[in-house]
1. Of the residues 233, 82, 162, which exhibits the maximal mean-square fluctuation in a Gaussian network model of the chain defined by a 10 Å Cα contact cut-off?
2. Please say if the range 2-102 is rounded, prolate or oblate, where rounded means a/c under 1.5 for a ≥ b ≥ c the square roots of the C-alpha gyration tensor eigenvalues, and otherwise the choice is prolate for a/b larger than b/c and oblate otherwise?
3. Please report, in cubic angstrom per residue, the volume enclosed by the convex hull of the alpha-carbon atoms of the range 108-198.
4. Pick from 24, 238, 106 the residue whose mean-square fluctuation is largest in a GNM of the chain, springs joining Cα atoms under 10 Å.
5. Taking the Cα centre of the range 259-329 as origin, work out the dipole magnitude from +1 charges on Lys and Arg Cβ and -1 charges on Asp and Glu Cβ, in debye rounded to 20.
6. For every helix of n ≥ 4 consecutive DSSP H residues, a contribution of -39,500 (n - 2.57) applies; sum these over the chain, divide by its total residues, and give [θ] at 222 nm rounded to the nearest 500 deg cm²/dmol.
7. Label point 7 Å out from residue 19 along Cα-to-Cβ: which residues of the range 45-60 have amide N under 17 Å?
8. Quick one: putting +1 on the C-beta of Lys and Arg, -1 on the C-beta of Asp and Glu, what dipole do you get for the chain around its Cα centre, in Debye to the nearest 20?
Amino acid sequence: MNSILDQSKALYKLEAYQCKLVAGHDGGRNLVYICSKDENKYILRISALNDRTEEDYWAETEFVHYLAQNGAPVADVMPSANGRFVEQIETEGRWCYVCLFAYAKGMLISDNGYRYREGASLGEYFYNTGKSLGRIHKLSKQYSPVHHRPDYFDKYNADYINRLIPEQYDELKKAIAERLDQFRALPIEPEGYGLVHFDFSDGNYHIDMDTGEITAFDFDNCINCWYMFDLANLWIHGEGWFRNEPNPTKRMEYMQLYFDTILKGYRSETDVDESLLEKLPLFIDMILVENIVDEFEVCAREGEEVDAEDIEDAAECLINHIPYAGIGE
């Protein structure tokens with residue numbers, strides 16, 4: 001990959017920069033480098049899986065640049081020496097797609113031991129998280145793209161699920177098919193449906209530990225979907241703050257307080273479709289479906305079989321209609 005890295009550095013005039021490969025995570029799709037020189041820092045992304053089209057990359061970067069230029073808290077995409085947001089490099093008969101992004105100010109909360117900034121409450125953090133997402137969604141509702149990302153059902157449909165998931169998971173496939181029917185009954189209207197991050201969580205934004213400001217990045221999975229998907233994803237990721245509370249009633253109370261604070265921040269930027277908000281449990285199921293599909297896709301890429309334990313909890317919730325993360329009785 002050195003030759004690809006060298007070509008990528010030349011395209012973005014990064015020859016004098018030190019480029020450090022970021023350790024990949026399970027299911028990671030890209031090679032990601034932190035490129036540093038003095039006080040300047042960028043993120044160089046090289047994508048070589050060929051599961052995205054050039055149009056997909058142009059649509060992603062166009063959206064990110066639009067958000068950044070209009071005041072959203074996102075790490076902007078940077079043009080190459082050719083003035084392009086997406087560059088192609090051919091290697092071994094296939095194309096790699098290369099993009100450069102500004103480095104998001106701050107740090108991952110996980111890199112700070114899941115400690116928020118000193119002297120500030122978690123309530124501030126939760127509010128700012130919702131506010132940041134609300135700003136992104138507000139701008140998405142006004143967005144008229146030149147390049148287009150897929151719609152939810154372009155990927156999440158019965159034909160694809162049946163090809164992806166083996167027959168031994170018959171009950172799970174039936175449960176997912178049932179949810180897909182319910183998703184199709186949801187209204188697709190501009191106030192509730194548009195281009196979303198699709199992975200908005202604390203692994204994909206940095207926090208400025210001086211101010212509490214949040215800067216989002218990694219729009220690689222962005223897709224046209226219901227805005228509630230991103231909010232439901234925050235519900236699921238909030239569960240970790242309270243999982244050690246042994247009293248289920250108190251745990252649910254904490255979860256609701258957390259999500260109410262998220263919504264307060266979100267509503268400071270844009271409205272929530274109340275009829276869709278009432279269907280939060282269904283959107284949480286949508287997250288579970290996405291997580292399961294992702295697990296099967298990653299294993300398929302690696303030529304491995306899915307470890308049933310990795311999807312056990314999500315599958316059980318879908319099959320047996322068990323509310324996830326504290327919703328329900």
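1. Top of the fluctuation ranking is 82.
2. rounded
3. Working: hull volume 16.9 nm³, N = 91.
Dividing the Cα hull volume of the range 108-198 by its residue count gives 185 Å³.
4. Of 24, 238, 106, the Gaussian network model singles out 24 as fluctuating most.
5. Details: 4 positive and 21 negative charges, 99 e Å.
Dipole of the range 259-329, to the nearest 20 debye: 480 debye.
6. Working: 11 runs with 143 residues, N = 329.
Here the helix-only value at 222 nm equals -14000 deg cm²/dmol.
7. Taking a point 7 Å out along Cα→Cβ of residue 19, the residues of the range 45-60 whose backbone N falls under 17 Å are 45-49.
8. Numbers: 31 positive and 60 negative charges, 242 e Å.
My answer is approximately 1160 debye.
Laboratory data are not the source of any read-out in this text; all were calculated from the coordinates shown. Nothing here was measured: the structure is a model prediction, and the numbers come from that model. Don't worry about glycine lacking a Cβ; one is built from the backbone with ideal geometry, like all the others, and counts go over all protein chains shown.
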